[in-house]
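**Q** Dumping the structure here so I can ask a few things about it.
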Amino acid sequence: STYSGTAGSWSSSVYFSTTGATSVVGTNGATFYITGVQLEKGSIATSFDYRDYGRELIMCQRYLPAINPGSATAIVAVGGSSGTNTTMTCDIPFMVTPRVTPTGITVSSASHFVANPFGTGGGTPSAIAFNSYTSNTFGRINITTTGLTAGQFGELVTQNAAAQILFTGCEL
């Protein structure tokens, strides 16, 4: 209010708005949109980049590869083979090549998944852990569960729509 004055009148004071004007920063929940802006490195401006939504999404997905099917019955990985009767290793395909090598995973909850060995009933994993980054197209995980047979192939399936696996370490 110190820098507000009467609209349409001359003044010798410094005013930035008219008396009674709405203050964007002083209004709770106000929204201020800036569009059509491109940040540049250095002092030389380049032509404006127009990227479609699909291309922009791919570029964002490089920073945090995620498995988030949003379905209670989606197959996440197929072909995992159990090395013992309690562990199964699966390769999960990435939708896009990660920006840098992932170094870990964050799992919504192991109970959101089912480890199904082919030919037998499945079990809810007690743990899902990061194993390695096998290539620019796959991340390897270890699944700890019961009811497996050594050398048997299987699949990891969601049993909850909130199921997700995030490959971490490449987000910065």
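The values are calculated or read from the model by the stated rules, or taken from the named source; none is laboratory data. Here the structure is a predicted model, which is why all the values come from computation and not from measurement. We place every Cβ from the backbone using ideal geometry, glycine too, and count neighbours over all the protein chains shown. When the accessible area is computed, the model is the full protein with side chains, heavy atoms only, and any ligands, DNA or RNA have been set aside. Shrake-Rupley method; radii C 1.70, N 1.55, O 1.52, S 1.80 Å.
**Q** Only residues in the stretch 1-12 that are on the phi > 0 side of the Ramachandran plot count as the first member; pair them with residues that are open to solvent by 60 Å² or more (accessible area, probe 1.4 Å) and modelled with pLDDT of 85 or more, Cβ under 6 angstrom, at least 6 apart or cross-chain, and list the lot.
**A** none
**Q** Could you grab the pairs with beta carbons closer than 7 Å, sequence gap of 6+ or different chains, first residue in the stretch 99-117 and within 16 Å of N142 (Cβ to Cβ), second one aromatic (F, W, Y)?
**A** P102/Y133; P102/F167; G104/F130; I105/F130; I105/F167
**Q** Go through (1) open to solvent by less than 60 Å² (accessible area, probe 1.4 Å); (2) touching a residue at least 60 places away in the same chain (Cβ under 8 Å); (3) over 21 Å from A150 (Cβ atoms) for Y63 and report which single condition fails.
**A** Every listed condition holds for Y63 apart from (1).
**Q** Filter the stretch 27-57 for residues that are open to solvent by less than 80 Å² (accessible area, probe 1.4 Å) and within 23 Å of T97 (Cβ to Cβ); which is nearest to the chain's Cα centre (by Cα)?
**A** For the stretch 27-57, the residue satisfying everything is L57.
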